[in-house]
1. Given the rule -39500 (n - 2.57) for each run of at least 4 DSSP H residues, summed and divided by the residues of the chain, what is its mean residue ellipticity at 222 nm, to the nearest 500 deg cm²/dmol?
2. Can you list the residues, at least 5 places off or on another chain, whose amide H is less than 5 Å from the amide H of TYR351, using H built in the peptide plane?
3. Sort ILE373, ILE215, ILE346 by Cβ crowding within 10 Å, fewest neighbours at the top.
4. Would you please put 122-128, 177-183, 299-305, 275-281 in order of how densely packed they are, using the mean number of other Cβ atoms within 10 angstrom per residue and starting with the highest?
5. Quick one: PHE354, PHE348, PHE270, fewest Cβ neighbours within 10 Å first, how do they rank?
6. With no solvent and one point per C-alpha, what does the Debye sum give as log10 I(q)/I(0) for the stretch 63-246 at q = 0.19 Å⁻¹?
7. Would you list, by chain and number, the lysines whose Cα falls below 28 Å from the Cα of LYS287, excluding same-chain residues fewer than 8 positions away?
8. Through the Karplus equation 6.51 cos²θ - 1.76 cosθ + 1.60, θ set to phi - 60°, convert the phi angles of the stretch 305-319 into ³J(HN,Hα) values in whole Hz; use x for Gly and Pro.
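Nothing in this text is a laboratory measurement; each read-out follows from the coordinates by a stated rule. Computed from a predicted structure; not experimentally measured. Note that we place each Cβ from the backbone using ideal geometry, even for glycine, and neighbour counts take in every protein chain shown.
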Amino acid sequence: MIETRIARRYLWASRKQAHTAFLSLISMLGLAVGVATLLISLALLSGLQGQIKERLIASSPQLLIEPAGSNAISDAGAIAAAGQRLGMKTVHQIVSGIAWGANADGRGRPMRVRSYEPGAEPERIGRTWRPFDPNEPQIFLTRDFAGAIGVTLGDLVTVVAPRTTLTPFGPVPVWRKYRVVRLVAPSGEDRGADAYLDLAEAARFFNTNGNPTTIEMYGDPAAADQVQRGLGNAFSNVLVKTWKEINRPLFLALRLEKIVMFVTISLIIFVAALNLISSLSMLIMEKRPQVGVLKTMGATEANIRSLFLQVGLLIGLSGTLLGNIFGLGFSWAANRFHIVPLPSEIYFITYLPFRVEPDDVIGVNLVAICLAIIATWYPARIAARLDPITAIREE
């Protein structure tokens, strides 16, 4: 089209119009910097969020099964067998609850109690209490909780259950004393506990009749939804949650963080688009006589408007392309060659990861091009309404 050829000629101005070409170059570089910055920032955020999600998937169960309408799961064995038939590799039956823990002086606080299966005890910190009576009730405490109530290895802890029993003197709390035989590291998970009891002992303490209060299943995360539907259809007395539903608040927070960063850094592209308005306005002022000649030769307002819209679009596309080349290239190189290392003794990763997601690239390019077109519309509209006689007289 004739408008496209004239637009390319106007864009690459001659030496006589070097200042106009310089303004166009500045606008182009401004868009390139904005696009590259946004792509690199989103790639970095996606990389960090990907690391967080991978660790959540690895540490949290793919399926969490809880009772509906009761305090324990009565048919836990059938549910565990069904989960394994549907593809879950590992199944843990757990008894957990809230209790009150206190030392010999009565100093105490609420604590979360969780059971452990024989052979799957939480890893200890330091040594295990020796000697101890194997028939004596034993408990593991996290280091932080033990320090909070002032106990250490070998001390007795009184644990009060969240229930009462009826006696001739009325209802009294159910409690039991345990010997602290191991200190363990605190868990960073939301389901982490302050104290650990043997599975059978925990079932007796919380009076679950030997039934677990939750079932955790581990397997392929991609198959979690399918297994959830299968268990939900087969068992109506339980609630089945996938790893996505368990961590939904965190995933929503991560998504919101990404949206806020996208909107904030897009302001750089917006500023570059404002600069495009000024450079295109200068170009129109210089090309007023030529616009008048084009209109006297039969060019319509739509032709002139299309001409200058294409000039702005060419600047926007060129800047967006440069930004993509630099932003995507830097993100790939930084992730491939670990350009930004991190001290492993402080952070859980050894370098800053970058992950380029197609949706982010498409969104950034759409924003850049749309802003370039919007910024070009008003100057192009003014140029289309120029009076040809007045424009030619200015020559």
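1. So the calculated ellipticity at 222 nm is -18000 deg cm²/dmol.
2. Result for TYR351 returns LEU342.
3. Numbers: ILE373 16, ILE215 24, ILE346 6.
The fewest-first ordering by Cβ neighbours comes to ILE346, ILE373, ILE215.
4. The densest-packed peptide leads the list: 275-281, 177-183, 299-305, 122-128.
5. PHE348, PHE270, PHE354
6. For the stretch 63-246 at q = 0.19 Å⁻¹, log10 I(q)/I(0) is -1.24.
7. List returned: LYS16, LYS295.
8. 4, 5, 4, 7, 5, 5, 4, x, 5, 5, 5, x, 5, 5, x
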